[in-house]
Each structure stands twice: as structure tokens, then as C-alpha cells.
Amino acid sequence: MSHKATKWIADIAPETLTHGEFRILFHLCDCHNPSMGCFPSQKYLRDVTGMSNGGLNKALAALEEKRLIRRERKHDAVLKQRLATHYLLGFEIDRAQEPTPLSGDGAISTFDGEPSPLSQQSHLHRGGVTIKEEPVKEPVKEPCADGAQDRNFEKTLGTFLKVYPRHGDRGRTEDALRAALGAGADPDQIIAAAKAYAVEQKGNAPRFIAYSENWLEQKRWDRHRIPADPRADPSAVAELRAKNIRAGREWAVRDVSASYARDLIAQGLVTAEQCRGAGISL
């Protein structure tokens, strides 16, 4: 959770939210990343809030109506797929077109402004009348603007898709990656783990390789605690996998293919008996 999101949600009056709305808003703030934005999937929000799909959508609509969030939905015109929804929190929403506190003026005004100090009758200033006010200084923005956030994510996504051995549903893959990064996962660790997984699965039949969205949703990069070397040194990966096989850690080597295990045996890193003891069928 970013500092801005923490301060913002702490200042919201509790009585303005239902329990469900607060749970959702809390987890949206928890997923907020000042560099990447906020892109949790619908499934993630259902899981962490314990709400039904209908209840979740109803609460999200209520939060949007209260101007506490705004959802931006985009589609990939080439792949004809829906991209991950971008959630803008209240402090991020551009308020330039919203009504001013004094006049109620604005293109999308939905609340009553205070009477005009000039007319004392109308809630809106009369045309042609200008009130001289002190200039308003623009707030200092954080270094990463929306465009930079999108570029950073697209770069990470492109690298991931380049190195990962089996692509699945593009939309779900993007949703899962955004959710992981929004929850604080290290993009370098994800890329390094994807490279390591590709090395492990070399020579394995596609049906035994996890689709990209499943691999991300299951947080399987956590199984590859190797140095985040952008080259994913095959020898380092082999030694790590051999160590787990020798220790009989079935949970850590369940993705090791038979052909990869035979390569480890040929290198003298493990024995056939150790592989079978770790649950690997040769």
C-alpha cells in the first residue's frame, strides 16, 4: 500500500461506507502501487473480500458513484481481448472538471454549490461575471505519471511473454501480472523465475507446462528463489534443482520434466534413485 493510499483511506469518514465497500476499498489501496497503478483482477477482489460476484460489482458501483474510485476499462484491438481494469483511487482522479467548492460550477456538477458571493441568489455564477481569486498552485506530482506506469508494465509484460515457455489467455495473463506487481511482487524475480521455469521445461511436452496465467495466479515464481540474474544462468538453475532432488523435496521439483532430470543425471548432479525418491518418473 502506498503512503498516499494509506493517508487517503484513513481520512475517509467511516459512516460514508458500508462494511463491504470498506473491505473493497482497503484492498484496492493495498494493491495500489505509485509506479504501476492499481490493477487487481475481479477474482482477486472476490477472494480477499469473501464477497460474491454480484455483491462485489454492486459495491464497486457504489464506490464509483461516491467518487471514491473510477474504473478504466480497455480492450486490445488486435487480440480482441479485454485488458485488466485500471482502478483510479479518489486522490488520483482528475478533479479539473469537477465543481468548485464555492460555485458548484463544472461540466459534471452533481451537488449544490454555495450561493454566489456576487449574486447571493443563484448557486452558479452568472455568465460573464468573474471572481478574482488567488492563483492555485498545481500539486506536485510523483515522478511516475500514468504514461510511465503503462510503459513500465508493458515492458515487464513483454519480457515475461518473451521468456515464458507456454502462453495461455492474454487477458488473464495481464490481469495476473498486474495483480502480482500491485501486491508488491518483484518484477525481476518474476522474470528470473520464468526463465528458470523455461530451462526446467526444455524438452517437456507442452501439456505438462503450465499456462502463463495459471503460473502467475498460483504465484509459482516463489518456488524459484534464485538470484534475479537477467540471464537465468542454466548451471545455477541446474544446481538448485539438483539440490532439491537430493533433499527429496517433492513440492519443489514437481515441475521437473523427465528429460531435464536425465540431463541432471548425465551431469552427475543427481542419481536415478534420488530422482525417483523425489517423485520424478524417468
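The values are calculated or read from the model by the stated rules, or taken from the named source; none is laboratory data. Please read these numbers as outputs of a predicted model, since none were measured by experiment. When we count neighbours, we look across all protein chains shown, and the Cβ atoms used for this are built from the backbone with ideal geometry, even at glycine.
Candidates are the residues of region 36-51 that are touching a residue at least 60 places away in the same chain (Cβ under 8 Å) and outside any helix (DSSP H, G or I); the one that is farthest from Ser2 (Cα to Cα) is Ser41.
Return a yes/no flag: does region 38-51 have any residue that is β-branched (Val, Ile, Thr) and more than 19 Å from the chain's Cα centre (by Cα).
No: region 38-51 contains no residue that is β-branched (Val, Ile, Thr) and more than 19 Å from the chain's Cα centre (by Cα).
Yes or no, residue by residue, for (1) closer than 26 Å to Ala179 by Cβ; (2) at pLDDT 85 or above:
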| site | (1), (2) |
| --- | --- |
| Ala194 | yes, yes |
| Ala242 | no, yes |
| Ala247 | no, no |
| Trp251 | yes, no |
| Arg262 | no, yes |
| Leu282 | no, no |
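Exactly one condition in (1) surrounded by 12 or more Cβ atoms within 10 Å (Cβ to Cβ); (2) farther than 27 Å from Asn244 by Cα; (3) modelled with pLDDT under 85 is false for Pro139; which is it? The single condition Pro139 does not satisfy is (1). If only residues of region 199-222 that are part of a helix (DSSP H, G or I) and surrounded by fewer than 17 Cβ atoms within 10 Å (Cβ to Cβ) are counted, the one that is modelled with the lowest pLDDT is Asp222. The residues of region 256-280 that are free of Cβ contacts under 8 Å to residues at least 24 places away in the same chain and either aliphatic (A, V, I, L, M) or in a helix (DSSP H, G or I) (or both), listed by number, are Ala261, Arg262, Ile265, Ala266, Ala272, Glu273, Arg276.
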